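What follows draws every value from the coordinates through simple rules; no lab data is involved. The model shown is predicted, which means the values in this text are computed figures rather than measured ones. Neighbour counts run over all protein chains shown; Cβ positions are idealised from the backbone, glycine included.
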Amino acid sequence: MSKTPLMPKATAVWLVDNTSLTFEQIAEFCGLHVLEVKGIADGDVAHGIKGMDPISSGQLSREEIARAQKDNSYHIQLQESKVEIPEIKKKRAPRYTPVSRRQDRPNAILWLLKRHPELKDSQLMRLVGTTKPTIEAIRERTHWNSSNLQPLDPVTLGLCSQTELDAAVQKAARRLAREAKEQGIELPVKTGTLLPSEETIDLGGEVSSVTEAPEAEVSIESVFGEQTKDDKADSDS
């Protein structure tokens, strides 16, 4: 798709009034229909539109116009802008939570506060679409429904995805590690993790943490208990 100048119709008005370019050249350059450019020349189109000079705006050079006026088949090229316009980043809209799920947000916030206290309030707000006063009320147990709140996983409730939750937790962990390093504090190692296989299995492939117990002799007495004399007599008969 070819680039067109800013305010193409105003640019076409200026080119019609100030150059001898053909309607086809102006229409192609401005991205308009030939009949629309002809209507501009006849005064039937673009009433009240003031022409914009593409030369002063840096979109077209005088040499390019002169070259096109000498050759009616020449295709006018839009001049590259010398000023780099930074891309405007759209502000992230707040997360929309369905009406049917909004009543579950306090339970999700309570779950996050208990399971991941390292998360900042801003992260909680993005994950479940809540507000800072609500988070503070649940943390301080001043929420109007505190007695009935139950910690529930926000992923299970559909308030956020597992990927978003994992990313937030990892970001918070990196922040804590960075802050601890700056303060010279060594973070405690988490316990309760599985030992690596090298520590539980020796080089011979045998499990070193488990000792084999001697096999016990299996007998009728060990299974059913000792028989009484009456039971033994019955069995003999």
Problem set entry | Order of S56, S61 - criterion: other Cβ atoms within 10 Å of each residue's Cβ, fewest first | S56, S61
Exercise. Which pairs break 20 Å Cα to Cα here: K9/K50; K120/K171; K9/K38; K9/K70?
Worked result: K9/K70
Seminar exercise, completed: In this structure, the FRET efficiency calculated for R67 and L35 from their beta-carbon separation, with R0 = 35 Å, to the nearest 0.05, is 0.85
Problem set entry | Segment E136-D53, extension gain: residue separation times 0.36 nm, minus the distance between their alpha carbons | 24.1 nm
Problem set entry | Nitroxide proxy distance, nm - points 7 Å out along Cα→Cβ at D42 and D153 | 7.0 nm
For this session: Arrange V128, V34, V155 by Cβ neighbour counts within 10 Å, fewest through most, would you?
Result: V34, V155, V128
